[in-house]
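Beneath this line is the structure, given in structure tokens, with notes to follow.
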Amino acid sequence: MAEAAAHHESPIPYMVQPHPVTGIPNGKFGIWLFLASEVMLFGALFSSYVLIRTGAPHWPPEGGLTSEIVNVPLGTLNTAVLITSSITMVLSWASCKMGSLPRFKLWMAATIGLASVFLVIKYFEYKHKFDLGHFPSHDNFYAIYFTLTGLHGLHIIGGIIVNTFLLTAGSKMWTTDPEHFTNRVENAGLYWHFVDLVWIFLFPSLYLL
Amino acid sequence: MAETTHSHSESPEEFKKHLGKYYAVFVALICLTAITVGVSYLKLESRGLAIAIALVIASVKAGLVAAVFMHLIDEKKVIYAVLILTALFFLLVLGLPSLTVYEHGPAFQGQ
């Protein structure tokens, strides 16, 4: 504790200064380890998708093409929305690095807004499928479609919660420890870009191929 | 690794120089998305080729996000070490279905 206090005021050591062993702050190392576990989570589901798809006599099982049973324009729009939210996230962190809290708040609010737009579009996509009676139990395509996009959607909700905290109550840290706060924004950004990265693979896999 | 480009020592004015690359990557990602969707509308006869093109473009997009937005292009060794290990296990998991399909292939064809 005494050593931590010597570096900064945080009760957890090396949240601002790089750890002497890893060369990066502990929070950043932690988020990367978490993302590594996330790669395996989505990797296992992608692997399941490959297994189900290659084992099927026809894909999608009910016939036709994947692009005929999902809404490609809405999926494309959602991809653009998520990519845009990634750059607004980078700009919110960059605003912290450049010492501007108001700009951080502007870009972070934009990120949360875009994430919400993504979920609203997804809601309409899901609703259309449910209206047609296409639930996860309909066939293997819908099972893997809802599992992968549903898990991804949960990650979007998680990102919205963390980002909303940073935008509101969490931003009080800016006045007491701006460097620590900037690191928190960077870590939230790493998570958010990962969520974007997963969608970059989900979109062609589930909508176009 | 050298100190990252977004190090503590950088002044706000110096940091501003990095913004251009973020905008460039954003434009590239939007363009690549348009190309992916455009190619899918061509309805290529070879499904294998269509899958290959889409996955290559997705990999380029993922690479841009990871390299620039997540700063992997200029990171510490410990993160590269974690990611190399992750990539190996990821490939292992992705490869598992090929073993399963090989062993049970006839079953899927109703034999």
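What the table below lists for this structure:
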{"quantity": "Answer residue from the stretch A:44-59, given it is open to solvent by 20 Å² or more (accessible area, probe 1.4 Å) and over 18 Å from A:THR149 (Cα atoms) and is farthest from the other protein chains (Cβ to nearest Cβ) among those", "calculated": "A:HIS58"}
{"quantity": "Cross-chain or 6+ apart pairs with Cβ under 7 Å, the stretch A:80-98 first and free of Cβ contacts under 8 Å to residues at least 24 places away in the same chain, then open to solvent by 10 Å² or more (accessible area, probe 1.4 Å) and part of a helix (DSSP H, G or I)", "calculated": "A:ALA80/B:ILE30; A:ILE87/B:PHE26; A:LEU91/A:TRP107; A:ALA94/B:LEU19; A:SER95/A:ARG103; A:SER95/A:TRP107; A:MET98/B:PRO12; A:MET98/B:LYS16"}
{"quantity": "A:LYS129 vs. criteria more than 23 Å from the chain's Cα centre (by Cα), closer than 25 Å to A:LEU51 by Cα and either open to solvent by less than 50 Å² (accessible area, probe 1.4 Å) or at pLDDT 95 or above (or both)", "calculated": "yes"}
{"quantity": "Of all residues making up the stretch A:161-209, the number that are surrounded by fewer than 19 Cβ atoms within 10 Å (Cβ to Cβ), of a type in the set (Val, Ile, Thr) and either in a helix (DSSP H, G or I) or touching a residue at least 24 places away in the same chain (Cβ under 8 Å) (or both)", "calculated": "5"}
{"quantity": "Options A:LEU33, A:LEU106, A:LEU77, A:LEU41; residue that is under 22 Å from the mean Cα position of the chain (by Cα), more than 11 Å from every other protein chain (Cβ to nearest Cβ) and open to solvent by 50 Å² or more (accessible area, probe 1.4 Å)", "calculated": "A:LEU106"}
{"quantity": "Single unsatisfied condition, B:LEU64 versus (1) modelled with pLDDT of 95 or more; (2) more than 7 Å from every other protein chain (Cβ to nearest Cβ); (3) open to solvent by 40 Å² or more (accessible area, probe 1.4 Å); (4) closer than 27 Å to A:LEU65 by Cβ", "calculated": "(4)"}
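The values are calculated or read from the model by the stated rules, or taken from the named source; none is laboratory data. Model, not experiment: these values are computed from the prediction. In this analysis, Cβ positions are derived from the backbone assuming ideal geometry, glycine residues included, and neighbour counts consider all displayed protein chains. Remember, those area values only see protein heavy atoms, side chains included, never the ligands or the DNA or RNA. Shrake-Rupley method; radii C 1.70, N 1.55, O 1.52, S 1.80 Å.
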